[in-house]
């Protein structure tokens, strides 16, 4: 049995068909994944039945995926991408910790702790100052920075950016939310407060570098996927 190969125009029509099913499928990476399964099934049907038209074969191939259509393929891609970025994150943290970046981050952490103690000694901060310094970190980490990075990559590649961001969601955000609550219940000394600020500054610095590298990785993968898609 001779296998039937799809033409460039037929591949183009299949792309439009996939995108028409859901806006999320416009993501180049996931569009390639779905197209691979869809095209293989369509070619199989065309090879088995020489009398069937391309569009009928395409509809038949789509029906073969079941009532959920392409959704299971998309879900599998999302799960795989999340796990892949999780593994990347662990390795990237090791790379950052054992790089020269950690020296600069450590210096800023010590400086932050020192400034905290000086302000506290001057009684310029309420209580032990955590009520002011931590909210600044919270606002930046969960509002300003994600907006900046999403504007750079997320608008063009929302699904890939979303999965990468989920996998790289830092414990830093959890810490800066929990510590003010702990501070209300426990009398934290200025020295302990300085240690907290220094530790969070270090965590914050590592998180910033991690997210910068993540954004770079997302952009590189997106460009590669777009090139692959343009070649089909």
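Each reported figure results from applying straightforward, stated rules to the coordinates on display, with no laboratory input. Predicted model, so just to flag it, every value in this text is computed and none were measured. Cβ coordinates were reconstructed from backbone atoms using ideal geometry, including for glycine residues, and neighbour counts include every protein chain displayed.
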(message) If I stretch the segment between residue 67 and residue 106 completely, what's the gain in nm (0.36 nm per residue apart, minus their alpha carbon distance), one decimal?
(response) 8.6 nm
(request) Sort out for me the Cα centre separation of region 1-50 from region 68-84, rounded to whole Å. (result) 17 Å
(request) Output the relative contact order of region 8-69, whole-number percent, from Cα pairs under 8 angstrom with separation of 6+ residues. (result) 26 percent
(message) Over region 8-69, what portion of Cα pair distances is larger than 19 Å, expressed as a whole percent?
(response) 24 percent
(message) As an exercise, use a Förster radius of 45 Å and the Cβ-Cβ distance of residue 24 and residue 122 to find the FRET efficiency, rounded to the nearest 0.05.
(response) 0.25
